[in-house]
Amino acid sequence: MPRGVARDHDEKRAALRKGAARYFARQGYDRASMTGAARECGVSKALIYHYYDRKEALLFDILEAHLTELVEMVEEAKDDGLPGLIRAILMAYADADAEHKLQIDALETLPPEMQSPLIALQRRLVVIFSDAIRAERPDLQADRLRALTMTVFGILNWFYMWHRPDKGLTREDYAELIAKFVDAGLSGLSD
């Protein structure tokens, strides 16, 4: 008789994703091993292989969970306009620095069939932000809209690199500052 799924299956997977993400981000995905990920998570190598048959499957699960959460949070905030989206994504990035670093550094190491659904999630984020910018500036031409959308992501995506909790601006204060900065920039643009 096949073994059933443990009641805490999802919680264990989430803990494995979190620990492995920290390890992969610190070590560098290309130099990391499943043995090291298991050690970081405080579990046996056999247990990590019970959940993931290979390192790529673990990375995919980390990135899919991260990007899905980002899309869900941004979808919920899109009625709040661009300031709400900026706040939502920065809040979603809280405690996800490792996952975010992996998204930037390691996604392209996955085989194309694993990259495809992750890239679709990234594109969904871009569309939501682009729509919010277009709502503020319907006169923008497509090339300028794309450039401005990617500029906003540039501002948001590198926050994890320099921000130190308990030093300087809080995440919430930064979200407010950047929302005002982007709004002023959009208002000041001329064609």
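The values are calculated or read from the model by the stated rules, or taken from the named source; none is laboratory data. Small disclaimer: the values here were computed from a predicted structure and weren't measured. Please note: Cβ atoms are built from the backbone with ideal geometry, for glycine as well, and neighbour counts cover all protein chains shown. Surface areas here come from the heavy atoms of the whole protein model, side chains and all, with no ligands, DNA or RNA. Shrake-Rupley method; radii C 1.70, N 1.55, O 1.52, S 1.80 Å.
Within segment 161-191, take every residue that is farther than 25 Å from LYS101 by Cα and assigned to a helix (DSSP H, G or I) and give me the one that is least open to solvent (accessible area, probe 1.4 Å).
Once the filter is applied, the top-ranked residue is LEU186.
Out of all the residues in segment 19-56, which are among the small types (Gly, Ala, Ser) and crowded, with 16+ Cβ neighbours inside 10 Å?
If the condition is that a residue be among the small types (Gly, Ala, Ser) and crowded, with 16+ Cβ neighbours inside 10 Å, then GLY19, ALA20, ALA21, ALA25, ALA32, GLY36, ALA37, ALA38 are the ones that fit.
Name the single residue that is nearest to GLY28 (Cα to Cα) among those in segment 86-116 being hydroxyl-bearing (Ser, Thr, Tyr) and open to solvent by 40 Å² or more (accessible area, probe 1.4 Å).
Ranking the candidates gives THR109 first.
Within segment 42-75, count every residue that is part of a helix (DSSP H, G or I) and either over 21 Å from the mean Cα position of the chain (by Cα) or of a type in the set (Asp, Glu) (or both).
Going through segment 42-75 one residue at a time, the tally reaches 13.
Might you let me know whether segment 57-68 holds any residue that is modelled with pLDDT of 95 or more, open to solvent by 10 Å² or more (accessible area, probe 1.4 Å) and farther than 30 Å from SER130 by Cα?
Yes, segment 57-68 contains at least one residue that is modelled with pLDDT of 95 or more, open to solvent by 10 Å² or more (accessible area, probe 1.4 Å) and farther than 30 Å from SER130 by Cα.
Sort out which residues of segment 117-135 are exposed (fewer than 15 other Cβ atoms within 10 Å of the Cβ) and farther than 20 Å from THR68 by Cα, and write them in order of number.
Answer for segment 117-135, where residues must be exposed (fewer than 15 other Cβ atoms within 10 Å of the Cβ) and farther than 20 Å from THR68 by Cα: just ALA135.
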